[in-house]
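Worksheet for the structure shown next.
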Amino acid sequence: MTKPTDRDFSAGPTGLDASAFARWYREQIVAKWQTLDTAAVAKVAALIEEARDRGRQVFVMGNGGSAAAASHFAVDLSKTAAAPGKPPLRCISLSDNAAYLTACGNDLGYEHVFARQLENLVQKGDLVLLISGSGNSPNVLEAAKLAKSRGALTIAFVGFDGGKLKGIADVSLHIDAKQYGVVEDMHMSLGHIIAFYLRQKG
């Protein structure tokens, strides 16, 4: 895994003023919208809908900006996606329990912080949604492997080249971009698309 200090968080053209950089960034986002794999979006939405209807649980996780996206997506699936006459989605973000995260990180190592939570909670038929820009975060990869060993289905939201996670997950939504902001913006939007789709579909 590339260390965070080695990542290029400032990917993009240099020497531009803010207005020109904004135009460049807008072009990157528009390009990713135009190439979005909508068939994969539909597949993820169908899996989450099936989990809801069968009373299965959905677990979401990620690090850093992906942790924020995981928290947001968990709220949207639990609340925003609620539809009259349908059971509520049982969704939890494993990035949110600071006490558990730091206990596992301190005692077991940070690579175990998500898998250890899944050991307590995940069951066959549950969904585990893993969000990672690089697709190579050790704790996310370990969680994916644990989930699959328990018979859970795994979904990955990844960026860049997809990393190792793209090849492990049962379904991947890959944003082929090399700018972290663009990847994270698209991942957040995917959460919105799926949550609002489930709400309006009912």
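The values are calculated or read from the model by the stated rules, or taken from the named source; none is laboratory data. If you're wondering where the values come from, they're calculated on a predicted model, not measured in any experiment. Positions of Cβ are backbone-derived with ideal geometry, glycine not excepted, and every protein chain shown enters the neighbour counts.
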**Complete:** Flagged in region 107-138 as crowded, with 24+ Cβ neighbours inside 10 Å and either in contact with a strand residue (DSSP E or B) (Cβ under 6 Å, 6 or more places away or on another chain) or not hydrophobic (A, V, I, L, M, F, W, C) (or both), in numbering order, are 114, 127, 128, 129, 130, 131, 132, 133, 135, 137
**Asked** Can you pull out the residues in region 49-66 that are surrounded by fewer than 24 Cβ atoms within 10 Å (Cβ to Cβ) and out of contact with any Asp or Glu (no Cβ under 8 Å at 6 or more places or on another chain)?
**Response** 49, 50, 52, 53, 54, 55, 63, 64
**Asked** Based on what the data block shows, is residue 42 more than 21 Å from residue 97 (Cβ to Cβ), outside any strand (DSSP E or B) and at pLDDT 95 or above?
**Response** yes
**Message:** Quick check on residue 23: is it out of contact with any Ser or Thr (no Cβ under 9 Å at 6 or more places or on another chain), within 19 Å of residue 201 (Cβ to Cβ) and basic (Lys, Arg)?
**Reply:** no
**Request:** Give the residue that is farthest from residue 184 (Cα to Cα), with candidates limited to residues of region 68-85 that are of a type in the set (A, V, I, L, M) and under 18 Å from the mean Cα position of the chain (by Cα).
**Result:** 81
**Message:** Show me the strands (runs of 3 or more DSSP E) entirely contained within region 83-183 in which 1 or more residues are under 30 Å from residue 200 (Cβ atoms) and among the aromatic types (Phe, Trp, Tyr).
**Reply:** 153-158
**Item:** Residue list for region 128-155, restricted to those being of a type in the set (Gly, Ala, Ser) and under 13 Å from residue 114 (Cβ atoms)
**Value:** 132, 137, 143, 144, 147, 152
**Request:** Consider residue 157 carefully, then state whether it is buried (at least 22 other Cβ atoms within 10 Å of the Cβ) and free of Cβ contacts under 8 Å to residues at least 60 places away in the same chain.
**Result:** no
**Asked** Restricting the search to region 10-25, which residues are closer than 20 Å to residue 187 by Cβ and surrounded by fewer than 11 Cβ atoms within 10 Å (Cβ to Cβ)?
**Response** 10
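Yes/no per residue for (1) buried (at least 21 other Cβ atoms within 10 Å of the Cβ); (2) charged (D, E, K, R); (3) in contact with a strand residue (DSSP E or B) (Cβ under 8 Å, 6 or more places away or on another chain); (4) at pLDDT below 95:
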{"position": "105", "(1), (2), (3), (4)": "no, no, no, no"}
{"position": "140", "(1), (2), (3), (4)": "yes, no, yes, no"}
{"position": "148", "(1), (2), (3), (4)": "no, yes, yes, no"}
{"position": "170", "(1), (2), (3), (4)": "no, yes, yes, no"}
{"position": "185", "(1), (2), (3), (4)": "no, yes, no, no"}
{"position": "188", "(1), (2), (3), (4)": "no, no, no, no"}
{"position": "194", "(1), (2), (3), (4)": "yes, no, no, no"}
{"position": "198", "(1), (2), (3), (4)": "yes, no, no, no"}
**Breaking point among (1) within 17 Å of the chain's Cα centre (by Cα); (2) at pLDDT below 95, for residue 115** = (2)
**Message:** Any residue that is β-branched (Val, Ile, Thr) and in a loop (DSSP other than H, G, I, E, B) - is there at least one of those in region 19-38?
**Reply:** yes
